[in-house]
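Engineer: Have a look at this one before I ask anything.
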Amino acid sequence: MKLIVGLGNPGVEYAWTRHNAGWLMVDSFVSRLGLSEPQAKFKGAFWGPVLHNGEKISLLKPYTYMNLSGLSVAEAVRYQNIEPSEVLVIYDDAALPFGRVRIREKGSAGGQKGMMSILGALKTLEIPRLRIGVGEPQGPINMADWVLGRIPPGQKELWCKLEDVAWEALNIWLKYDIQKAMSTINGLRLDDQEKA
């Protein structure tokens, strides 16, 4: 059993903001899996479990707001009786340029408050994560305003390519393991996809 968690904030004012990259990816996965409306469970929107790529998976979008994501994830992990290593958390990362996707087996939160909450709630750093690059602030703008800003139209047009890369990362992780996903996905750029 695997749990895929997309981080974001509820409310129309946060739709298509950089900080909702995790939610956007889960929405894309739900669509690709042909799933219907979610259940209201674990303080969020919950789908599954469903069988995909030889593995039972569930998907979760916490409704707790970003900084309290751990409350939702910890409930789901306890209920499904899974290990933290069987959770894949997807979130935005301003340290990565837009168009980059990185998957990691474990580590610190790197300043991302949602991931920090999850690490604290599960009491381990050994939680796989898929980081979606949203780039650093351009000009005199603070980080909070940047990540809560909307994804600009030019980048929105390329978003489907990022979804393709994230989907590939998920499938490699499910079919093989985190190491194979890391060696295949890390370092890919959108322009690599365009050349392929």
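Engineer: Going through the range 1-52 one residue at a time, which ones are touching a strand residue (DSSP E or B) at 6+ places or on another chain (Cβ under 9 Å), basic (Lys, Arg) and more than 18 Å from residue 99 (Cα to Cα)?
Structural biologist: Once the filter is applied, which keeps residues that are touching a strand residue (DSSP E or B) at 6+ places or on another chain (Cβ under 9 Å), basic (Lys, Arg) and more than 18 Å from residue 99 (Cα to Cα), the range 1-52 yields 2, 41, 43.
Engineer: Could you tell me which of the residues 175, 180, 156 is loosely packed, with under 15 Cβ neighbours inside 10 Å, within 23 Å of residue 106 (Cα to Cα) and touching a residue at least 24 places away in the same chain (Cβ under 8 Å)?
Structural biologist: Matching residue, one of 175, 180, 156: 175.
Engineer: Can residue 118 be described as within 28 Å of residue 52 (Cα to Cα), at pLDDT 95 or above and either crowded, with 17+ Cβ neighbours inside 10 Å or in contact with a strand residue (DSSP E or B) (Cβ under 9 Å, 6 or more places away or on another chain) (or both)?
Structural biologist: Against the criterion (within 28 Å of residue 52 (Cα to Cα), at pLDDT 95 or above and either crowded, with 17+ Cβ neighbours inside 10 Å or in contact with a strand residue (DSSP E or B) (Cβ under 9 Å, 6 or more places away or on another chain) (or both)), residue 118 qualifies.
This table checks each residue for (1) closer than 21 Å to residue 118 by Cα; (2) part of a loop (DSSP other than H, G, I, E, B); (3) among the aliphatic types (A, V, I, L, M).
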site: 19; (1), (2), (3): yes, no, no
site: 32; (1), (2), (3): no, no, no
site: 40; (1), (2), (3): yes, no, yes
site: 48; (1), (2), (3): yes, no, no
site: 57; (1), (2), (3): yes, no, yes
site: 64; (1), (2), (3): yes, yes, no
site: 68; (1), (2), (3): yes, no, yes
site: 78; (1), (2), (3): yes, no, no
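Engineer: Looking at the range 115-160, which of the residues that are in contact with an Asp or Glu (Cβ under 9 Å, 6 or more places away or on another chain) and of a type in the set (D, E, K, R) is farthest from residue 10 (Cα to Cα)?
Structural biologist: My answer is 126.
Engineer: Which condition does residue 158 not pass, out of (1) under 15 Å from the mean Cα position of the chain (by Cα); (2) modelled with pLDDT under 90; (3) in a helix (DSSP H, G or I), if it passes all the others?
Structural biologist: All conditions pass for residue 158, except number (1).
Engineer: Which one of these does residue 165 not meet: (1) surrounded by 13 or more Cβ atoms within 10 Å (Cβ to Cβ); (2) closer than 19 Å to residue 85 by Cβ?
Structural biologist: (2)
Engineer: Further question on the same structure: Suppose we filter 55, 136 for residues that are within 23 Å of residue 17 (Cα to Cα), surrounded by fewer than 16 Cβ atoms within 10 Å (Cβ to Cβ) and in contact (Cβ under 8 Å) with a residue 24 or more places away in the chain; which single one remains?
Structural biologist: Every option except 136 fails the conditions.
Engineer: For the subset of the range 80-99 comprising residues that are assigned to a loop (DSSP other than H, G, I, E, B) and at pLDDT 95 or above, which member is farthest from residue 179 (Cα to Cα)?
Structural biologist: 81
Engineer: So, in the range 135-146, exactly how many residues are touching a Pro at 6+ places or on another chain (Cβ under 9 Å) and of a type outside the set (Gly, Ala, Ser)?
Structural biologist: 4
Engineer: Which condition from (1) surrounded by fewer than 22 Cβ atoms within 10 Å (Cβ to Cβ); (2) within 22 Å of residue 119 (Cβ to Cβ); (3) within 15 Å of the chain's Cα centre (by Cα) is the one that residue 28 breaks?
Structural biologist: Single failed check for residue 28: (2).
The values are calculated or read from the model by the stated rules, or taken from the named source; none is laboratory data. Note that the structure is predicted; figures quoted are calculated from it, not measured. Glycine also receives a Cβ, built like all others from the backbone with ideal geometry; neighbour counts cover every protein chain displayed.
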